[in-house]
1. Going by what's in this entry, would Ala107 be described as in contact (Cβ under 8 Å) with a residue 24 or more places away in the chain and among the small types (Gly, Ala, Ser)?
2. So in region 104-127, with the set limited to residues that are in a loop (DSSP other than H, G, I, E, B) and under 14 Å from the mean Cα position of the chain (by Cα), which one is farthest from the ligand (Cβ to nearest atom)?
3. Considering only residues of region 24-52 that are buried (at least 16 other Cβ atoms within 10 Å of the Cβ) and in contact (Cβ under 8 Å) with a residue 60 or more places away in the chain, which is nearest to the ligand (Cβ to nearest atom)?
4. So in region 95-111, with the set limited to residues that are surrounded by 14 or more Cβ atoms within 10 Å (Cβ to Cβ) and of a type outside the set (D, E, K, R), which one is nearest to Gln28 (Cα to Cα)?
5. Of the residues in region 74-100, how many are assigned to a helix (DSSP H, G or I), more than 14 Å from Phe15 (Cα to Cα), charged (D, E, K, R) and touching a residue at least 40 places away in the same chain (Cβ under 8 Å)?
6. Answer with yes or no whether Val121 is in contact with a Pro (Cβ under 7 Å, 6 or more places away or on another chain), over 21 Å from Phe15 (Cα atoms) and at pLDDT 95 or above.
7. Only one of Val9, Val19 is crowded, with 20+ Cβ neighbours inside 10 Å, modelled with pLDDT of 95 or more and within 11 Å of the ligand (Cβ to nearest atom); which?
8. Got at least one residue in region 84-103 being of a type in the set (Ser, Thr, Tyr) and near the ligand (Cβ under 7 Å from one of its atoms)?
Amino acid sequence: MTLTFYEEVGGADTFRTIVDVFYREVSQDPVLKPMYPEEDLGPAADRLRMFLEQYWGGPTAYGEQRGHPRLRMRHMPFRVDPDARDRWLRCMRTALDEAKLSPLHDATLWDYLERAAYAMVNTMEPAGIGPQAAGRPTLETRAAQRPTETP
Ligand code: HEM
């Protein structure tokens, strides 16, 4: 029988460890923490955990509850610049270190997370630079005007 990556790394326990450590780090990050709309990071942690489990061959609860991930579109309301990306990845690096995966599993998961994080960047403009909403679309209005992503 062929194991899925999800099973190989230890299933639900491992993904819970990764996401718990990740959000513990996010809660202490002065740039990332204020980006989360809810004060309680628990529901956001559940969404990320379900997504990662599904992506790596585990339970499909994410799709049942949230539908198609459309991750770039779902991140458009947030200011994901290179600084936020690097902070996100630093929190994830700590999480993977604490999960103590085998070197091959660690490298496989990290490679994916790094590429996904680079793909999620939606602005290169440093925060606070340039004219404010005066005539120029803000991230929010820009996201609202963008056509819906097709699957
Ligand atoms: C690059 C830096 C990133 C930042 C700053 C960021 C930030 C955020 C924020 C603020 C949310 C909303 C929280 C919520 O769910 O209520 C969110 C949601 C989410 N993020 Fe990210 N994110 C980043 C990268 C990623 C990457 C690389 C992945 C996947 C590999 C990811 C997966 C998700 C998922 C699955 C959700 C929930 C989507 C849903 O609503 O169903 N994020 N993220």
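1. Details: in contact (Cβ under 8 Å) with a residue 24 or more places away in the chain: no; among the small types (Gly, Ala, Ser): yes.
For Ala107, the condition - in contact (Cβ under 8 Å) with a residue 24 or more places away in the chain and among the small types (Gly, Ala, Ser) - is not met.
2. Within region 104-127, the match that is farthest from the ligand (Cβ to nearest atom) is Asn122.
3. So, considering only residues that are buried (at least 16 other Cβ atoms within 10 Å of the Cβ) and in contact (Cβ under 8 Å) with a residue 60 or more places away in the chain, the one nearest to the ligand (Cβ to nearest atom) is Val26.
4. So the residue we want is Ala95.
5. Number of matching residues: 3.
6. yes
7. Result of the check over Val9, Val19: Val19.
8. no
The values are calculated or read from the model by the stated rules, or taken from the named source; none is laboratory data. As the structure is a prediction and not an experimental result, all values here were calculated from the model. Because the Cβ atoms are built from the backbone with ideal geometry, glycine has one as well, and the counts that use them run over all protein chains shown.
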